[in-house]
Amino acid sequence: MQKVNFLIFLTCFFCACIIKKTTVSTEAVFTDTSQIAGKLIWYGNPDKPYKDVFVNFNDEDNHGTTPTLTTINDPKYGKVWKVYKPSGAKRAEISRAKGYEQHDGETIYISYNWKIKVKQKKFKTGCAVFQWKTEGGGDVRQNYPFNLTYGNGVLSLNAYGPGTSTDWWKNPGKNIATKKNTIWKKAVPQNQWQNIVFGIKVSSYTGTDTTKLGYIEFWFNGVKQTFNVDNSGIDYRVILSPDKKRAYHRTLDGNITYPKWGAYGGSSIPYDITAYVSDLKIRRK
């Protein structure tokens, strides 16, 4: 009898192992927009002059320093873009995908590889390393609907709610503080490549109807991320989908909204920051 029970135990254990091993995740995993059903509409080709790829390299507010945009040969990804912001400068950013024309209501995917290196050992205050940025003019209510920031070893995704068409320029600091939502964050080491994909439904709608609102989806190193509103501004809160993997939010501000990569922010002025990006792509669903 004991022998029969032991054989039954072994059979059940073996079957459980097989079931566990063959369980397939339904999670969407990808590290490149080419795996998305959609048309490639822009590629940030490092073999071309930057003015053929981007509209601008923003190095204003440099206080006599010289931010630079160059390419280097990386052992993992080959030729990549290198954005350098010296201490004393407020920004060094490549901005706008040349040739990409935005349409209200469309869904796009932005993918790229990224890593950062800060010369100084302590980098607590942080900076923006990606901005979905507003172009001036039109109905400006956000300045940047969302961004990625890096500081104190943590990468954070932040959404900024819309104000009225005039109050952003009356008191932008207050509006940013009271309408900021941090919806994702993760400890990320410096000088290591990470893969980032944004799914963005582009919409200027400002209400609460999720069928009309824009939204943000986010994949980090191939895995679709779950959002959580870590800190919500007193005047705004994003709407999360039931599975918390989509943040409904106004994503089109002003005339157009466009991507920026690099390093930006007043709190980053004392630091030497180098950001590397590669395989930048935009696809339209």
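The values are calculated or read from the model by the stated rules, or taken from the named source; none is laboratory data. These figures come from a predicted structure and were not determined experimentally. Cβ: placed from backbone, ideal geometry, glycine included. Neighbour counts: every protein chain shown.
What are the residues in segment 241-252 that are crowded, with 24+ Cβ neighbours inside 10 Å and within 29 Å of Lys124 (Cβ to Cβ), if any? Even if it seems obvious, please write down each step before you answer.
Looking only at segment 241-252, we keep the residues that are crowded, with 24+ Cβ neighbours inside 10 Å, and these are 247, 249-252.
If the condition is that a residue be crowded, with 24+ Cβ neighbours inside 10 Å and within 29 Å of Lys124 (Cβ to Cβ), then Ala247, His249 are the ones that fit.
Sort out which residues of segment 228-251 are of a type in the set (A, V, I, L, M) and not in a loop (DSSP other than H, G, I, E, B), and write them in order of number. Reasoning before the result, please.
If we filter segment 228-251 for residues that are of a type in the set (A, V, I, L, M), which is where we start, we get 229, 234, 238-240, 247.
Correct list: Ile239, Leu240, Ala247.
What tally of residues in segment 204-243 results from selecting those that are at pLDDT 95 or above, among the charged types (D, E, K, R), closer than 27 Å to Gly138 by Cβ and in contact with a Lys or Arg (Cβ under 9 Å, 6 or more places away or on another chain)?
The total comes to 1.
Say we look at segment 34-78 and pick out the residues that are among the aromatic types (Phe, Trp, Tyr) and assigned to a strand (DSSP E or B); which of these is farthest from Lys281 (Cα to Cα)?
First, pick out the residues of segment 34-78 that are among the aromatic types (Phe, Trp, Tyr): 42-43, 50, 54, 57, 77.
Filter again for assigned to a strand (DSSP E or B), leaving 42-43, 54, 57.
On the way: Trp42: 6, Tyr43: 5, Phe54: 12, Phe57: 18 Å.
So, considering only residues that are among the aromatic types (Phe, Trp, Tyr) and assigned to a strand (DSSP E or B), the one farthest from Lys281 (Cα to Cα) is Phe57.
Ser95 is checked against (1) in a strand (DSSP E or B); (2) small (Gly, Ala, Ser); (3) surrounded by fewer than 18 Cβ atoms within 10 Å (Cβ to Cβ) and fails just one. What number does that condition carry?
Among (1) in a strand (DSSP E or B); (2) small (Gly, Ala, Ser); (3) surrounded by fewer than 18 Cβ atoms within 10 Å (Cβ to Cβ), Ser95 violates only (3).
Could you say whether any residue in segment 167-183 is surrounded by fewer than 14 Cβ atoms within 10 Å (Cβ to Cβ), small (Gly, Ala, Ser) and at pLDDT 85 or above?
No, the conditions are met nowhere in segment 167-183.
Looking at segment 66-83 only, could you name the residues that are more than 18 Å from Tyr112 (Cβ to Cβ) and surrounded by 18 or more Cβ atoms within 10 Å (Cβ to Cβ)?
Pro67
I'd like to know if segment 257-265 contains one or more residues that are of a type in the set (Gly, Ala, Ser), surrounded by 16 or more Cβ atoms within 10 Å (Cβ to Cβ), touching a residue at least 24 places away in the same chain (Cβ under 8 Å) and in a strand (DSSP E or B).
Let us first name the residues in segment 257-265 that are of a type in the set (Gly, Ala, Ser), namely 262-263, 265.
Cutting the leftovers down to surrounded by 16 or more Cβ atoms within 10 Å (Cβ to Cβ) gives us 262-263, 265.
The next check asks that each one be touching a residue at least 24 places away in the same chain (Cβ under 8 Å); those that pass are 262-263, 265.
If we keep only those that are in a strand (DSSP E or B) too, we end up with 262-263.
Yes: segment 257-265 contains one or more residues that are of a type in the set (Gly, Ala, Ser), surrounded by 16 or more Cβ atoms within 10 Å (Cβ to Cβ), touching a residue at least 24 places away in the same chain (Cβ under 8 Å) and in a strand (DSSP E or B).
Answer yes or no: is there a residue in segment 208-219 that is in a loop (DSSP other than H, G, I, E, B), among the acidic types (Asp, Glu), over 14 Å from the mean Cα position of the chain (by Cα) and more than 27 Å from Glu135 (Cβ to Cβ). Full working, then the answer.
The first filter runs over segment 208-219 and keeps only residues in a loop (DSSP other than H, G, I, E, B), leaving 208-214.
Keeping just the survivors that are among the acidic types (Asp, Glu) gives 209.
Add one more test, that the residue is over 14 Å from the mean Cα position of the chain (by Cα), and what stays is 209.
Next, from what is left, pick out any that are more than 27 Å from Glu135 (Cβ to Cβ): none.
There is no residue in segment 208-219 that is in a loop (DSSP other than H, G, I, E, B), among the acidic types (Asp, Glu), over 14 Å from the mean Cα position of the chain (by Cα) and more than 27 Å from Glu135 (Cβ to Cβ).
Hey, Asn195 hits all of (1) part of a loop (DSSP other than H, G, I, E, B); (2) surrounded by fewer than 19 Cβ atoms within 10 Å (Cβ to Cβ); (3) of a type outside the set (Lys, Arg); (4) touching a Gly at 6+ places or on another chain (Cβ under 8 Å) but one; which does it fall short on?
Among (1) part of a loop (DSSP other than H, G, I, E, B); (2) surrounded by fewer than 19 Cβ atoms within 10 Å (Cβ to Cβ); (3) of a type outside the set (Lys, Arg); (4) touching a Gly at 6+ places or on another chain (Cβ under 8 Å), Asn195 violates only (1).
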